[in-house]
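For reference, the structure discussed in these notes is given below.
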Amino acid sequence: MSVLCISRQFGAGGKTLGQRLAKRLGWTFVYNDVLNQVAKEAKVSLDWVEGVEKEAGDRLMRFVTSLVPSDFIERHLGENLHDFDEKRYRQFLSQVIKRIADHGNAVIVGRGAQFILADRPDAYKVLLVASHDDRIKFMIDTYKLSKEKAASLVDKEVRRRNRFIESLGVEKPDDVCHYHMALNTSLISLAKAEDLVYELVTGTK
């Protein structure tokens, strides 16, 4: 059993590719489901899990204490509440992603899975990139957004991804040395990308 980790520049088509491959392989598709599993594992609300990726410092601590049951904080941290930050979230996220990998036959999009599972020989790691203009166009065409909205969303999510990956201790997440395969969807179609990744994972065309 294997697991496929798809990292992508936002708007390069990673979610769409992941859905297609999961269906073709007959594997579980893991996207926002990871957030739900982390929230369940941590016994906190999904709003908190998503908020950890957006907040920092004192704002984060105020946000956390407003949502997390006091018995959870006391059970895990005792009186040292300042340790309850994005580090705690990363630990839960890591546990859940490793559990998914142990089960196998899953396609995971994002959430730093390629780095959390970096040492696993059964984890295939793929990177999708595209030009900034093409990523904006993809969002317009796929989700029917205005050009302004698409551009704003792409730039916002790029910053968010970079912050989160940096929190995992990775300085250059798009360095191709981290991946089995890097694909530029400005140069090839998603259908071609799907075929290439399918061949990588299964060893068949």
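The values are calculated or read from the model by the stated rules, or taken from the named source; none is laboratory data. In this text the structure is predicted, and so the values were computed from the model without any measurement. When we count neighbours, we look across all protein chains shown, and the Cβ atoms used for this are built from the backbone with ideal geometry, even at glycine.
Scanning segment 142-165 for residues that are under 14 Å from S7 (Cα atoms) and free of Cβ contacts under 8 Å to residues at least 60 places away in the same chain gives N162, I165. One residue alone among A22, A39 is crowded, with 17+ Cβ neighbours inside 10 Å, modelled with pLDDT under 85, in a helix (DSSP H, G or I) and among the small types (G, A, S), and that residue is A39. Within segment 74-86, identify whether any single residue is under 18 Å from the mean Cα position of the chain (by Cα), modelled with pLDDT under 90 and of a type outside the set (V, I, T), and answer yes or no. Scanning segment 74-86, I find at least one residue that is under 18 Å from the mean Cα position of the chain (by Cα), modelled with pLDDT under 90 and of a type outside the set (V, I, T), so the answer is yes. Considered as a group, the residues in segment 25-36 that are surrounded by fewer than 17 Cβ atoms within 10 Å (Cβ to Cβ) and in a loop (DSSP other than H, G, I, E, B) include one that is modelled with the highest pLDDT, and that residue is G26.
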